[in-house]
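Input: a single structure, listed below in C-alpha cells.
The values are calculated or read from the model by the stated rules, or taken from the named source; none is laboratory data. As the structure is a prediction and not an experimental result, all values here were calculated from the model. We place every Cβ from the backbone using ideal geometry, glycine too, and count neighbours over all the protein chains shown. Ligands, DNA and RNA are stripped out before the accessible areas are found, and what is left, the full protein with its side chains, is counted by its heavy atoms. Shrake-Rupley method; radii C 1.70, N 1.55, O 1.52, S 1.80 Å.
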Amino acid sequence: MSKIRTVLFDLDGTLLDSKKLVVDAVYHTLDHFMPKRYEYEAVEARFGMAFEPFLASLIPERKEEVLDYFNRYTLRYHDEAVQLFPGVEEILQQLTLEGYQLGLVTNKTRSLTNRALQLFDLEEFFSVIITLDDVRCGKPDPEPLYRACSYLQVKPAEAVLIGDSQYDRLAAKAAGMPFCFVGSDPHNVKALK
C-alpha cells in the first residue's frame, strides 16, 4: 500500500461554510421559475450535488436564463454569506509545510470558486483546482477526481478526498480513492449512513 501524499478537498461545506447561500440560491431560482414546486428542505437535502446541471435540466428551453438568475443571486449575496470554517487556513498551511500536494475539486463553477478563494486568500495552497467548468460531469461522477489526479501525476489510490457529502463519497468510491468525511450537517450525516 502506497503512502498518501496528496489531499483533495471539496469546497462548499468542507472548507467553506456556504451551505445556506447555495441552498437559498437554488431554492429562490426554482421558486422564481417554478413557484411552489420544490420545498426548501428538498433542496437542502441535495446539497453537495452539482446544482447547475440540475437547474439547467428543469427548463431546457430557458437554461441560460435559469443559470443567469442563479448566478446573479449567488454573486449578490456571496461575500457576506460565506465564511471559512474555523481552522481551515491553519490546516492547509500545516499540510503544505509537511509536503502534501493539495488540490481542490468542487461542483462550483470556476468564477464562483475563484471568488471564494480570492476572498479568503486560499489560491496559493492548491496545485490544481478542478471546477464544474472543467469536466463533463460533476461529483458524484469520478471524472473531477481523475482530472485532479492526472494533473498531479498520482493514482487515485495515492490520494484522499476530504468532503462533506454523499456526492463526495460516491465520487471517491467510484474513483477508487480513500474518502474522509468532515462536517456535522444532519442531512449529510443521514445520507452517508
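Over the heavy atoms of Leu21, what accessible area does a 1.4 Å probe trace out, to the nearest 10 Å²?
Leu21 exposes around 10 Å² with every protein chain in place.
In whole angstrom, how far apart do the alpha carbon centroids of region 100-121 and region 129-159 sit?
Going from one Cα centre to the other spans 14 Å.
With the Cα gyration tensor of the chain in hand, convert its eigenvalues to equivalent ellipsoid semi-axes via √(5λ) and list them largest first in whole Å. Walk me through the numbers on the way to the answer.
Numbers: eigenvalues 157, 61, 49 Å².
In descending order, the three semi-axes are 28, 17, 16 Å.
How much space per residue, in cubic angstrom, does the convex hull of the C-alpha atoms of region 51-127 take up?
Cα-based convex hull of region 51-127, divided per residue, equals 96 Å³.
Which of Lys36/Lys139; Lys20/Lys173; Lys63/Lys155 have a Cα-Cα distance over 32 Å?
Lys63/Lys155
Using helices alone, what [θ] at 222 nm do you get for the chain, with -39,500 (n - 2.57) per DSSP H run of 4 or more residues, divided over all residues and rounded to the nearest 500?
Computed mean residue ellipticity for the chain: -14500 deg cm²/dmol.
Please compute the Kirkwood hydrodynamic radius over region 98-146, one decimal place, Å, based on all pairs of different Cα atoms.
11.3 Å
Averaging the inverse of every distinct alpha carbon separation and then flipping it gives the Kirkwood radius. What is it for region 1-47, in angstrom units?
It works out to 12.7 Å.
Quick one: Cα centre-to-centre distance for region 79-99 and region 24-53, in angstrom?
Using only Cα atoms, the two centres lie 28 Å from each other.
Give me the percent of DSSP beta bridges within the chain that run antiparallel, rounded to the nearest 5. Numbers along the way, then the final one.
On the way: 2 of 17 bridges.
The answer is about 10 percent antiparallel.
For the chain, what's the relative contact order in percent, using C-alpha pairs closer than 8 Å and at least 6 residues apart?
28 percent
Relative contact order for region 104-147: what is it in percent, counting Cα pairs under 8 Å that are at least 6 residues apart?
Numbers: 42 pairs, mean separation 20.6, N = 44.
Value for region 104-147: 47 percent.
Give me the percent relative contact order of region 37-143, please, defined on Cα pairs under 8 angstrom at least 6 residues apart.
27 percent
What does the charge count around Leu97 come to, taking other residues whose C-beta lies under 15 Å from its C-beta (Lys +1, Arg +1, Asp -1, Glu -1)?
-3
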